[in-house]
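Just so it is clear, none of the values below were taken in a lab; they were calculated from the coordinates. Fair warning: this is a prediction, and the values are worked out from it, not measured in the lab. As a convention, Cβ positions derive from the backbone with ideal geometry for all residues, glycine included, and neighbour counts pool all protein chains shown.
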Amino acid sequence: MSILTQKTLSKSISFNGIGIHTGSNVNLKINPASPNTGIIFKRVDLNSNNIIYPNYSNVSDTTLCTTISNEHGVKVSTIEHLMGAFYGVGIDNAVVELNSQEVPIMDGSAKVFVDSIKEVGLKFSDQPIKIIKINKNVVIEDQNKFISILDIKEKDINFHSRYSAKERVYEYHIVNRLGSLSIYKNKAWHIKKKLDIKILKKGAEILQGEHDFSTFRASSCTAKSPIKKMKSVKIKKSGEKILILFKSKSFLQNQVRSMVGCLNYISLKKWTIKKFIKILKSKQRSMCAPPAPAHGLYLKEIKY
């Protein structure tokens, strides 16, 4: 058995529930399918033109839920939890039969589908899964938002983009001047009062090394331990622009912004260096200065 071969369910599973948007009582059945079938939705309440493929090109509406349609206007909506379950469990091939235009909401998550699929088990084939290979740069833009894929590198099957990282480098950008920002507006933290670079650098030195960084940890952080080793914290100044670089294998949630907020306090002499050390050692989030705004923070590099 291999995660690189196509999989389906070992046997059919049936569900009954309510369509959250239509209010209809829905019967849904997931059937095993042969390799290279893919995922197919079949409206059994209709006698013809009742097959819909969950392809991105068939998405016809995304208002409150994802709706797919075929060329005849036949549609199925609220498919995201079921499709998420297929992806999470690793189902490549299945025929989904339902007697309504909407997948039942069940408990409002993918859990019911995932649990039921795991209960019946998977059937492995000898056919390889289909993998998309990106051969050139891809850029997707939506008004002032965009994402780019510039390079793809082959990795071991056990590679994990988060847990395989050996080092992360974050940059925090500050513009320290009285006048308002134009080019750097919402791209850097605008601090009007003059910062003391010497004190900033002293504070940065204190943060280096291994510490319990609980003071800078968000209450919603899921990291197993607050103890991190900060490889380096460097301050670079060029005219009115100040760049703070943080290097570590991993960071806590809100850690960088919280540290920058505290460095700002000591640079403005609201805190002494002695007080900053005391606050770091306190391990108390309530002692932390207000975190720096998010728009100055950039993830510069991840090393594997």
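For Ser57 and Arg162, a Förster radius of 22 Å and the Cβ-Cβ distance give a FRET efficiency of 0.10, rounded to the nearest 0.05. Looking only at Asn137, Asn70, Asn27, which one moves most when the chain is put into a Gaussian network model with springs between Cα atoms under 10 Å? Highest fluctuation among the options: Asn137. Its Cα gyration tensor gives the chain an equivalent ellipsoid. The semi-axes, each the square root of 5 times an eigenvalue, are 51, 22, 20 Å from largest down. Neighbours of Val112 by Cβ distance under 15 Å: Lys/Arg scored +1, Asp/Glu scored -1, total -1. Among residues other than Ile266 with Cβ under 9 Å from its Cβ, the summed charge is +3 (Lys and Arg +1, Asp and Glu -1). First measure r as the distance between the Cβ atoms of Glu154 and Glu205, then evaluate 1/(1 + (r/R0)^6) with R0 = 41 Å and state the FRET efficiency to the nearest 0.05. With a Förster radius of 41 Å, E is 0.55.
The alpha carbon centroids of the range 37-75 and the range 111-149 are separated by 18 Å. Going Cα to Cα from Lys136, which lysines come in below 28 Å? Please leave out same-chain ones fewer than 8 positions away. List returned: Lys145, Lys153, Lys155, Lys166, Lys300, Lys303. Round to the nearest 0.05 the FRET efficiency obtained for Ser286 and Lys130 when R0 = 51 Å and r is the Cβ-Cβ distance. The calculated FRET efficiency here is 0.50.
Taking every Cα-Cα distance in the range 167-303 and sorting them into 10 Å bins starting at zero, the pair-distance distribution P(r) comes out as 12, 46, 34, 7, 0 percent. Taking every lysine pair in the range 5-128 that is 8 or more places apart or spans two chains, those with Cα atoms closer than 19 Å amount to 14. In the chain, taking the dipole from charged Cβ atoms about the Cα centre, the farthest positive-side position among Ala94, Asn25, Trp189 is held by Trp189.
Computed across the range 6-89, the Kirkwood hydrodynamic radius from all distinct Cα-Cα pairs reaches 13.9 Å. Taken about its Cα centre, the range 19-155 carries a charge dipole of roughly 300 debye when the Cβ of each Lys and Arg holds +1 and the Cβ of each Asp and Glu holds -1.
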